[in-house]
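Here, each number is a calculation from the coordinates, and none is a lab measurement. Worth saying up front: this structure is predicted, and the values here are computed from it rather than measured. Counting neighbours? That spans all protein chains shown, and the Cβs are built from the backbone with ideal geometry, glycine included.
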Amino acid sequence: MSVAAPASPYKGLAPFGDSDLDALLFFGRERDCEIVVANLIAARLTVLYGPSGVGKSSLLRAGVARALRELSEEPLVVVFSAWGGEPARALADALAAAAGIEPGGPLVDAARRAVEARGDVYLILDQAEEYFLYHGGGDRFADELAAVATEPLRVNVLLSVREDALAKLDRFKARIPHILGNYLRLDRLDRAAGEAAIVSPLGRFAELGGASAAAEPALVAAVLDQVEAGRIEDGLGGVGGTEANGRAAGIEAPYLQLVMERLWDVERGAGSAALRASTLGELGGAHRIVADHLERAIDVLSAEQQALAARLFRQLVTPSGTKIAYDADDLADYAGAPADSVRPVADALAASRILRRDDRGRYEIYHDVLAGAVLAWRARFEEEQAVDRARAEARRRHRRLAWIAAGALVALGLMAAVTVYALDQRNDARAQARVASARALDADAVSALAVDPELSLALATEAARLAPSRRAEEVLRRALLDSRVRAIVRADGPLESVEATPDGTLFVTAGEDGVARVARVEDGEVTAELAHGKPITALAVAADGASALTGGSDGIARLWSLPDGELLRTL
């Protein structure tokens, strides 16, 4: 068998397929493959389940299917995962095509004719959880599968399903009572298997004519530590999973492949013959490599396309992290956008291996493990959009108030000019002019009370200065009561956040200058400055008003006492 070397010994997020090359580069699952093959040969029906992203598809395609075809009996092996549309008909057609027989008729009939033509038949039904996603109310597939699994045929079936969908197989129990009579759990890679998945492909790659390279032991250990189950998801803020019942956390194989593919590309680009731990550190570690995979794909999109991508992700990933496939027209309908706008965005994300197109032309998330990162990115994006909208609305509101204030000031200027002219021309009418101006200002102050209490206060103050009276005193008192300004504290830059203590005696301001200021509400006097050091991005005051928490762009949170501003501890 002659196989040309690929561009890299690692697959990235692409699952291993049913090909000679993928079988040669597939390491770490040898024992699992033997167990699954043995069960599939011995039992009419086997259920294989495991956590999302554990590598069931890669095991079945690059391992189990290949091993079955190498049996001396040369059985017919069909791997099926097209669950949209009519799965019973699609599986019957796939079986007929593989066996070289005429298509048509129910699944059990196609299976019977395939046995007559080819002998033993193995049906590997991969990603069966998607059947329940697309066919919530059920269809004839359950009846036809039951017929294949229970009639005396030389057909053995394996159902592969995500662990969180295992209970949904109860739908088949009435037709296939023994459906869970033979089941296997595929765990994540242990460290020994993970090390084999890193080191062994390098030797095989060189044997195939590719470049020779070695992985430093320190790199192997660092990668295995960093792609342990739950580590990446926790860092991304996505949907993570942990092992239960005392099992070891295990290694996330897709993340391992993605990180190693990135390291290979960087080291080969630099002309290095070694995969080094120092390079992993320079790239920011496994978490940064995984996050960058999504962010690099998103960054090439325009702002409008990113907003459209967020709407597409809402349809392609459920809140629980399950991926769903849709064609471009359906996505366009759900996103409220023209299909001509959706296709370029979906194709760009597919080119970056964030999405992929299945054999029916539908788009779906490239790999289950990306679901958490996609959900986290969409949440951040939508939050940023909400903040931008709020700031834009605030700017529009401030502009409106500025126009009102400008108009009032113009009116004030005109009235002042009239008053000066009257004083110059008619000294005997000075008192009356001042009274008239004061009344006009009183009227403007009353009008501005509901719109801008601060402007009303300024106008009422001027009216009281020109002609003190009971009316001016009343307007001034109302403006003081309605005014929201009690104190002014100035920062050395834009403010990011303002929080007050529950008792209303203190307030804390935080800005981009890296300093939070504690001030008294009654007079605005600053009682303490909390020197965080880096621009402050988050601020919170405790419910008892005795402490405040600042978070900065340096990724550090600091706890301070109030009102003296003593640093209690750094988090």
Practice task
Find, among the GluC sites (Glu not before Pro) in the stretch 498-571, those assigned to loop by DSSP (not H, G, I, E, B) with at most 14 other beta-carbon atoms within 10 angstrom.
Solution key: 522, 525, 566
Practice task
Subtracting the Cα-Cα distance from 0.36 nm times the residue separation, let me have the gained length for residue 537 to residue 292 in nm, one decimal.
Solution key: 86.0 nm
Problem - residue 19/residue 216 FRET efficiency (R0 30 Å; Cβ-Cβ; nearest 0.05) - result: 0.50
Practice task
Calculate how steeply helix 303-316 sits against the longest principal axis of the alpha-carbon atoms of the chain, using the helix alpha-carbon long axis, and give the answer as 0 to 90 degrees to the nearest 10.
Solution key: 50
Problem - Helix 453-466 vs. the chain, principal-axis angle (Cα, 0 to 90°, nearest 10) - result: 10
Handout entry: Alpha carbon centroid spacing (whole Å) that separates the stretch 118-180 from the stretch 43-100
Key = 12
Practice task
Can you tell me how much longer the chain between residue 527 and residue 167 gets when fully stretched, taken as 0.36 nm per residue apart minus their C-alpha distance, in nm with one decimal?
Solution key: 123.5 nm
Completion exercise
Full extension between residue 3 and residue 503 adds, at 0.36 nm per residue less the Cα distance, a length in nm of 172.5 nm
Completion exercise
To the nearest 10 degrees, the tilt of helix 217-226 (Cα long axis) against the first principal axis of the alpha carbons of the chain is 60
Fill in the blank from the handout: Taking placed amide H atoms and a strict 5 Å upper bound, the residues 5 or more places from residue 77 or on another chain that come that close are 122
Practice task
Would you mind getting me the FRET efficiency between residue 351 and residue 465? Use the beta-carbon distance for r and R0 = 51 Å, nearest 0.05.
Solution key: 0.15
Problem - Lysine pairs in the chain with Cα atoms under 21 Å, if 8 or more residues apart or on separate chains - result: 5
Completion exercise
Taking only the alpha-carbon atoms of the chain, the convex hull volume per residue, in cubic angstrom, is 230
Problem - ³J(HN,Hα) computed for each position of the stretch 254-266 - Karplus, 6.51 cos²θ - 1.76 cosθ + 1.60, integer Hz, glycine/proline x - result: x, 5, 4, 5, 5, 5, 5, 4, 5, 4, 4, 4, 5
Fill in the blank from the handout: For the stretch 1-98, one quarter of the surface area of the C-alpha convex hull, expressed in nm², comes to 8.0
